[in-house]
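The structure that follows is given in the form of structure tokens.
The values are calculated or read from the model by the stated rules, or taken from the named source; none is laboratory data. The structure presented is a predicted model; accordingly, all values stated were derived computationally and were not measured. Neighbour counts run over all protein chains shown; Cβ positions are idealised from the backbone, glycine included.
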Amino acid sequence: MTLFRHALPEETPARFLLLDRVDRCDAAGATGRRAFAGAPPWQGLEAMAQLAALHARWSSGFSLHAFLLTVQECNWPPADVLHGPSRIRADLLAQSERAATYATTITPIPQVPGADTPPAPPSMAATLIIGRTAYDTRFNGDVLAARYREIFAWLTTTP
């Protein structure tokens, strides 16, 4: 399936990977980072979904295709909230063979490390269900598994 650039909103980043780094990925979930630049809220939702889907792929050893199935809950922040370095969390709540449910958040990272400022509340939060399915003729496993392994390796080694 080809994604046509003209079908996306105007403010879609040229590189549509909305994660800059993955800091942690384990059985409980994943955390990552993104430096937003006045991003619209839909980019925050997409970034949380990308992290959760990447975790779902990683937890299957990249043997399953993963995709956003549904958004159960989401607080939609004002348009100017997603700006600056942010931490993204995807905490695994439950999973089955076909889906995984994640509590996801985006929280601003303090500009002054070690400052005595209390942690900021999340800018955005959502409960996401990530569908998981076997690769098949629609989702070429040879190509997609290699691509997501490459993305995961890059995101976990990027400073």
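Pairs only if they're at least six apart or on different chains, beta carbon under 9 angstrom, first in region 13-32 and surrounded by fewer than 20 Cβ atoms within 10 Å (Cβ to Cβ), second at pLDDT below 90 and among the basic types (K, R); list them, first residue then second.
Partner pairs satisfying both residue conditions: A14/R5.
Can you name the residue in region 79-91 that is of a type in the set (A, V, I, L, M, F, W, C) and within 15 Å of the chain's Cα centre (by Cα) and is also modelled with the lowest pLDDT among such residues? Even if it seems obvious, please write down each step before you answer.
Taking region 79-91 first, the residues of a type in the set (A, V, I, L, M, F, W, C) are 79, 81-82, 88, 90.
Right, trim to within 15 Å of the chain's Cα centre (by Cα) and you get 82, 88, 90.
Working: L82: 91, I88: 97, A90: 98.
Among those that are of a type in the set (A, V, I, L, M, F, W, C) and within 15 Å of the chain's Cα centre (by Cα), it is L82.
Taking the stated definitions as given, is T70 modelled with pLDDT of 95 or more and either surrounded by 18 or more Cβ atoms within 10 Å (Cβ to Cβ) or within 12 Å of the chain's Cα centre (by Cα) (or both)? Step through it out loud before you land on a result.
Working: modelled with pLDDT of 95 or more: yes; either surrounded by 18 or more Cβ atoms within 10 Å (Cβ to Cβ) or within 12 Å of the chain's Cα centre (by Cα) (or both): no.
Here the answer is no, as T70 does not meet what is asked.
Six or more apart or on different chains, Cβ atoms under 6 Å: show the pairs whose first residue is in region 91-107 and at negative phi and whose second is modelled with pLDDT of 95 or more and of a type in the set (D, E).
Between residues of region 91-107 that are at negative phi and residues that are modelled with pLDDT of 95 or more and of a type in the set (D, E), the close pairs are A103/D91.
Quick one: which of A79, A145, A66, A100 is over 14 Å from A52 (Cβ atoms), small (G, A, S) and touching a His at 6+ places or on another chain (Cβ under 9 Å)? Walk me through it before giving the result.
Working: A79 fails: touching a His at 6+ places or on another chain (Cβ under 9 Å); A66 fails: over 14 Å from A52 (Cβ atoms); A100 fails: over 14 Å from A52 (Cβ atoms).
Criteria check complete, one pass: A145.
OK, next. Pick out the one residue from I151, I88, I129, I106 that is more than 21 Å from A39 (Cα to Cα) and touching a strand residue (DSSP E or B) at 6+ places or on another chain (Cβ under 7 Å).
I129
While we're looking at this one, here's another question. Checking D80 against (1) within 21 Å of A37 (Cβ to Cβ); (2) free of Cβ contacts under 8 Å to residues at least 40 places away in the same chain; (3) among the acidic types (D, E), which test does it fail?
(2)
Answer with yes or no whether A94 is farther than 14 Å from A47 by Cα and at pLDDT 95 or above. Steps first, please.
Numbers: farther than 14 Å from A47 by Cα: yes; at pLDDT 95 or above: yes.
Against the criterion (farther than 14 Å from A47 by Cα and at pLDDT 95 or above), A94 qualifies.
Now for a separate question. So L155 passes all but one of these: (1) over 29 Å from N75 (Cα atoms); (2) assigned to a helix (DSSP H, G or I). Which condition number does it fail?
(1)
To keep it simple, each residue is scored yes or no on (1) in a strand (DSSP E or B); (2) β-branched (V, I, T); (3) closer than 22 Å to L144 by Cα.
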| site | (1), (2), (3) |
| --- | --- |
| L19 | no, no, yes |
| R34 | yes, no, no |
| A37 | yes, no, no |
| W42 | no, no, no |
| A49 | no, no, yes |
| A52 | no, no, yes |
| H55 | no, no, yes |
| W58 | no, no, yes |
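Also: Surrounded by fewer than 19 Cβ atoms within 10 Å (Cβ to Cβ), under 18 Å from the mean Cα position of the chain (by Cα) and not in a loop (DSSP other than H, G, I, E, B): does that describe W76? First the steps, then the outcome.
On the way: surrounded by fewer than 19 Cβ atoms within 10 Å (Cβ to Cβ): yes; under 18 Å from the mean Cα position of the chain (by Cα): yes; not in a loop (DSSP other than H, G, I, E, B): no.
Criteria not met by W76.
Checking A120 against (1) more than 22 Å from G38 (Cα to Cα); (2) of a type in the set (A, V, I, L, M); (3) without any contact (Cβ under 8 Å) to a residue 40 or more places away in the chain, which test does it fail?
Result: A120 fails condition (1) only.
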